[in-house]
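To start, the structure under review is shown below, and the notes come after it.
The values are calculated or read from the model by the stated rules, or taken from the named source; none is laboratory data. Please read these numbers as outputs of a predicted model, since none were measured by experiment. The accessibility values were calculated without ligands, DNA or RNA, using every heavy atom of the protein model including side chains. Shrake-Rupley method; radii C 1.70, N 1.55, O 1.52, S 1.80 Å.
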Amino acid sequence: MLADMDRKILRILFNYLSGRRRLPTIHELEIKTGKRKEELLRSLRELEKLQYIEWKDKANLQSIVIIEKWEREEPAIAEARKQQNQPMIKEGNADYWTMY
């Protein structure tokens, strides 16, 4: 599970890339998050460590490649969502006609 700051930065990176076709500068990240450069770099390193982004040239944010744009779900949550998407109506069940 990502920390709030890491999740926020990941969303900002993806939104900039999809909306503006470029990644934000460090100054733009400072404005959007209200955090200092050191905190932002720490979060970016954490995202890289957790393999959400790939960042080869540490001096340039434009070299970041987003590997995953969303936070990964915990296995228990993913299983619960999968079960919720199961159809309520089974073949040959008259409940559909009486309940809906």
When the accessible area of region 10-80 is computed with all protein chains present and a 1.4 Å probe, what percentage of it is carbon and sulfur? 52
Based on the alpha carbons, how large is the Rg to Rh ratio for region 1-43 when Rh follows Kirkwood? 0.95
